[in-house]
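A short write-up of the structure that comes next.
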């Protein structure tokens, strides 16, 4: 598959990535507040490698973590979208995720974009379930999960296997939403 469809909300355009997104994405990944619960700050090389993996995911699956922009206002503000999880303990699963530039926080963009991505996941892709996870302390992301109708699933909470045993970010909580509930309640 090549590329992914563009998704639109009232204020956002979720689209394929372009080379022009690399510099602002690197700035997002270098912001200590953005990366507070996501892991170490990334330099340009690591950020570009992540963007390349994201673009490869879209090519492989036909959907992914779309580049997000405020339609007609701001070119690139981060990403919102879906990611196939192929590592234990959650595999196989599809997660919804977001990462936005800090100056676009607290304006409802993550929730707005995530609702459209959830609609696409259930109504267009017909996925059975979408999950989200975050380190326990990441109240901002957990708040988005709750605002888009996801429910905490404590039985699936886990210690992130890619983080050291003594890393305070290692404990993660899991939220989920299934297609049947989405189709019933939106």
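Of the residues 180, 88, the single one that is over 16 Å from the mean Cα position of the chain (by Cα), loosely packed, with under 14 Cβ neighbours inside 10 Å and not in a helix (DSSP H, G or I) is 88. When segment 40-64 is examined, which residues are found to be outside any helix (DSSP H, G or I) and within 17 Å of residue 28 (Cα to Cα)? Answer for segment 40-64, where residues must be outside any helix (DSSP H, G or I) and within 17 Å of residue 28 (Cα to Cα): 40, 41, 42, 43.
If you go through segment 10-24 one residue at a time, do you hit one that is loosely packed, with under 15 Cβ neighbours inside 10 Å, touching a residue at least 12 places away in the same chain (Cβ under 8 Å) and not in a loop (DSSP other than H, G, I, E, B)? Write out each step before concluding.
Within segment 10-24, the subset loosely packed, with under 15 Cβ neighbours inside 10 Å is 10, 18-20, 23.
Within this subset, residues satisfying the condition of being touching a residue at least 12 places away in the same chain (Cβ under 8 Å) are 10, 18, 20.
Applying the additional criterion that residues be not in a loop (DSSP other than H, G, I, E, B) yields 20.
There is at least one residue in segment 10-24 that is loosely packed, with under 15 Cβ neighbours inside 10 Å, touching a residue at least 12 places away in the same chain (Cβ under 8 Å) and not in a loop (DSSP other than H, G, I, E, B).
Can you tell which of 117, 34 is assigned to a loop (DSSP other than H, G, I, E, B) and crowded, with 18+ Cβ neighbours inside 10 Å?
Numbers: 117 fails: assigned to a loop (DSSP other than H, G, I, E, B).
34 is the lone residue from the list that is assigned to a loop (DSSP other than H, G, I, E, B) and crowded, with 18+ Cβ neighbours inside 10 Å.
With respect to (1) buried (at least 17 other Cβ atoms within 10 Å of the Cβ); (2) free of Cβ contacts under 8 Å to residues at least 24 places away in the same chain, the lone exception for residue 83 is condition (2). Residues in segment 122-169 that are assigned to a loop (DSSP other than H, G, I, E, B) and either under 21 Å from residue 185 (Cβ atoms) or in contact with a strand residue (DSSP E or B) (Cβ under 7 Å, 6 or more places away or on another chain) (or both): 125, 126, 127, 128, 136, 148, 149, 150, 153, 157, 160, 169.
None of the figures in this text is laboratory data; all of them are computed from the coordinates on show. Everything numeric in this text was worked out from a predicted model, so none of it was measured. Because the Cβ atoms are built from the backbone with ideal geometry, glycine has one as well, and the counts that use them run over all protein chains shown.
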